[in-house]
Amino acid sequence: MPAKEIAPKDIAAPLLAWYDRSHRRLPWRAPPGANAADPYRVWLSEIMLQQTTVAAVIPYFEHFTARWPTVEALAAAEDGDVLAAWAGLGYYARARNLLACARAVANDHGGHFPSTEEALLSLPGIGAYTAAAITAIAFGERAVVVDGNVERVVARLFAVEEPLPGAKPALRALTDTITPTARAGDFAQAMMDLGATVCRPKSPDCLVCPIIAACDAAQRGIADLLPKKAPKAARPIRYASVYVLRDGSEILLVRRPPRGLLGGMLGLPMSEITDTPAPEGTHPGAPSLTRWSRGEGRVTHVFTHFELHLTVFSGDLSGITKPAGDWRAADESAARDLPTLFRKALDFVACIGDF
Ligand code: SF4
């Protein structure tokens, strides 16, 4: 348990004053004090920011909101267009849920996001964190918003020594004790900004921190050591083969099955994923009987729960019947709509001079 109690006013007042001066200017944000922001933009940004950095999200957010400025416009979009626009952002289940959620809001809620956490939680792809963030930031209602940045700040403020992820419930309960009713959205964003810019994972800048007077870890000189983390299990390695098949100036892309890894995305033809590499000389999942040449080495790509090692084959149709699929010009535009994993495979083939 934390060694001390902190009065909410000792956090909210200095933190909000700091936020008014030092907030990050981000394209989905309302100015400090506005006490509400466009729910569509808040929701879209929060979905994009899951497991993804702010810097990576900004161009995607700007592209999406220029192309689909309202939730109704997004709801009416073609699946393939949205998945292509999402390509490169990763965690593709988010893109499928994004469309499902936009359509639920458009069809079941008259195009308006509901304003309570409970109702938001019933929408596809919206979990506890996102529901709380939308409630606070878009509707200005009090909600306990805890992302990774907030966990770190709170663990240090209260000098919580229990390691993550076990400490999550305690950190949420402690965040609840310091969350004000007034300016709920600004408070949530201020905590996120403090974690991102001052209370950083390494070398927190305590000397400029607006809440150092209340911070137990800073007073005890242990901020750098918190939050503690339980050791992670090693990611297992898994294997697959991918194929870059050319016909003159075109290459073959295929739409992946709607469910499962990279579901619904456009990709290169790929085998099943297995626990061991395919035997030498075999071509599991190959789209044709082409004479395949294999690049030396493998392309690796890290997913949340495993690391994928790809063997990359390339080949020409040269007179063989053209398999069905989405044949694209073999230039940069072919890579643009692909998830990073497949872009890496195309780069790999280009590097060995075979593309
Ligand atoms: S004083 Fe240091 S450790 Fe404490 S909240 Fe501020 S930056 Fe983080």
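Remarks
- The one condition in (1) part of a loop (DSSP other than H, G, I, E, B); (2) more than 29 Å from the chain's Cα centre (by Cα); (3) small (Gly, Ala, Ser); (4) under 24 Å from Ser333 (Cβ atoms) that Gly264 fails to fulfil: (2)
- The criterion of at least 3 residues that are under 22 Å from Leu16 (Cα atoms) and within 21 Å of the chain's Cα centre (by Cα) is met, among helices (runs of 4 or more DSSP H) falling completely within region 77-159, by 128-139, 148-157.
- Asn35 meets the conditions (1) within 30 Å of Ala159 (Cβ to Cβ); (2) in contact (Cβ under 8 Å) with a residue 12 or more places away in the chain; (3) surrounded by fewer than 19 Cβ atoms within 10 Å (Cβ to Cβ) in every case but one. The failed one is (1).
- Within region 305-355, the residues that satisfy the criterion of being in contact (Cβ under 8 Å) with a residue 40 or more places away in the chain, β-branched (Val, Ile, Thr) and outside any strand (DSSP E or B) are Thr340, Val349, Ile352.
- Subset of region 1-53 [of a type in the set (Gly, Ala, Ser) and closer than 30 Å to Glu161 by Cα]: Ala3, Ala7, Ala12, Ala13, Ala17, Ser22
- In the set (1) touching a Cys at 6+ places or on another chain (Cβ under 9 Å); (2) within 20 Å of Ala184 (Cβ to Cβ), Arg156 fails one condition alone, (2).
- Residues that are closer than 13 Å to Pro277 by Cβ and of a type in the set (Ser, Thr, Tyr) were ranked within region 231-252; the one that is nearest to the chain's Cα centre (by Cα) is Tyr239.
- Here Ala155, Ala138 are screened, and the one residue that is within 16 Å of the ligand (Cβ to nearest atom), small (Gly, Ala, Ser) and either closer than 19 Å to Arg41 by Cα or touching a residue at least 24 places away in the same chain (Cβ under 8 Å) (or both) is Ala155.
Read the figures in this text as sums done on the coordinates, not as results from a lab. Predicted model, so just to flag it, every value in this text is computed and none were measured. With ideal geometry, Cβ positions are generated from the backbone for all residues, glycine too; neighbour counts draw on all protein chains shown.
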